[in-house]
Structure formats: structure tokens, C-alpha cells
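Structure, as C-alpha cells:
The values are calculated or read from the model by the stated rules, or taken from the named source; none is laboratory data. Everything numeric in this text was worked out from a predicted model, so none of it was measured. Here Cβ is always computed from backbone atoms with ideal geometry, including for glycine, and neighbour counts include all displayed protein chains. The accessibility values were calculated without ligands, DNA or RNA, using every heavy atom of the protein model including side chains. Shrake-Rupley method; radii C 1.70, N 1.55, O 1.52, S 1.80 Å.
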Amino acid sequence: MAVREILTYPDPRLRERAEPVADPAAPEVQQLIQDLADTMYDAPGVGLAATQLGVPLRVAVTDTRWRDEEGVRDLHVWINPEILSREGETEFEEGCLSVPGVFEHVKRAARITLRWQDAEGAVHTADFEDFQAVALQHEFDHLDGRLFIDLLPPVKQKLLKKRLRKQKRRREAGA
Ligand code: NI
């Protein structure tokens, strides 16, 4: 088990665009998947992208069920995900392990069609909706260096980011 440090805003590594994974079965990718899962369950969170561990590769994990149904683990691994289409609009209150303590309503597509590779490298295509579609859009945004707070109205975003930078400086000064 390897729980790793999750980068927090405004760490510049969170803004990197992650590179495609050439070989999902490679040992270092398998290790990354294990670390992502361990770190996500430990946090605890419902999703984590490699970018959040400072690894610029297009890999993310989610488990949107385990916190609701105790003892049930339903880990999903997403490698080289590509959203082929987006439809409709929905709004959920989102949070992020890289933006601790912030929960804000964000608008996203209500339905997506996704193509991705699993941990063995097999290619899949499927549709997702509602909370699952939202969680996936949130995670895959990380792979492009985007955070959910970037989707807030400009004035709110500016104030929030200022506050977060100040909090982080204070945390680091106290550490
Ligand atoms: Ni996040």
C-alpha cells in the first residue's frame, strides 16, 4: 500500500497537461494505478487523477459508490480517457482533494459518451450520466490541468483563489 501526497492548489504541477499512456500494462503504470487507489481510499475521496500526485500521465481512478455502501468497493480505472460527446446540463456541489475545504456548485454536461482503456489496455466506449458523468468530467479535467474552481463565475473565482493562496502560504509557514 502506497498512500502518496496529494498536491494542492496553487501547486503549478496541477496545471500540467498529462501525456497519453503508451502501455497500460507496464509495471510503472500498474504501480501508479495502485497508488492512486490507495491514496483515494485513504483521503477519502471518490476520484483521483495522476496529475494530483504530480505524475503527468492520463490515468484516473474513481469509486463513486464505496462511501455510500459500506464495505463495497467498486474501483474503476480510466486510462487515456476521451470524451466523445457531451449532452445536456446538470449541476452538482463539487469538492476536490487538491482544493481542500471548498465545496461549490458547478455546471457540467449531464451525459457523456466516453472512450477509454482499462488497466489491461482494452478499449471501451460507454455512456455515463448524472453524478458519474460529473465525477468523470471532474477527473479528466485534472488531466488537462483544469480544476473545478476554474468553472466558477469570474468574481467568485478570483476571491476564492486569493483566499486559497493565502491559506496555503499560512499552512506552509506554520509547517
Ligand atoms: Ni479533483
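At a glance:
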item: Under-5 Å amide H pairs with F92, H placed in peptide plane, nonlocal only; result: V106, R108
item: Rounded to the nearest 10 Å², the accessible area of T64 at probe 1.4 Å; result: 30
item: Unit charges on C-beta of K, R, D, E only; dipole of the chain, Debye; result: 1400
item: The chain: relative contact order in percent, alpha carbon pairs under 8 Å with at least 6 residues between; result: 23
item: Solvent-accessible heavy-atom area per residue, rounded to whole Å², over the stretch 82-137 at 1.4 Å; result: 54
item: For the chain, the longest site-free run once GluC sites (Glu not before Pro) in DSSP loop states with at most 12 other Cβ atoms within 10 Å are removed; result: 6-68
item: The stretch 38-89-the stretch 131-160 distance, computed between alpha-carbon centres (Å); result: 15
item: Relative contact order of the stretch 9-59, pairs being alpha-carbon contacts under 8 Å that are 6 or more residues apart, as %; result: 49
item: Percent accessible area from carbon and sulfur atoms, the stretch 1-57, protein chains only, probe 1.4 Å; result: 52
item: Accessible area in the full protein assembly, largest first, 1.4 Å probe, for L147, L97; result: L97, L147
item: Rg ratio (alpha-carbon, reference 2.2 N^0.38 Å) - the stretch 12-174; result: 1.04
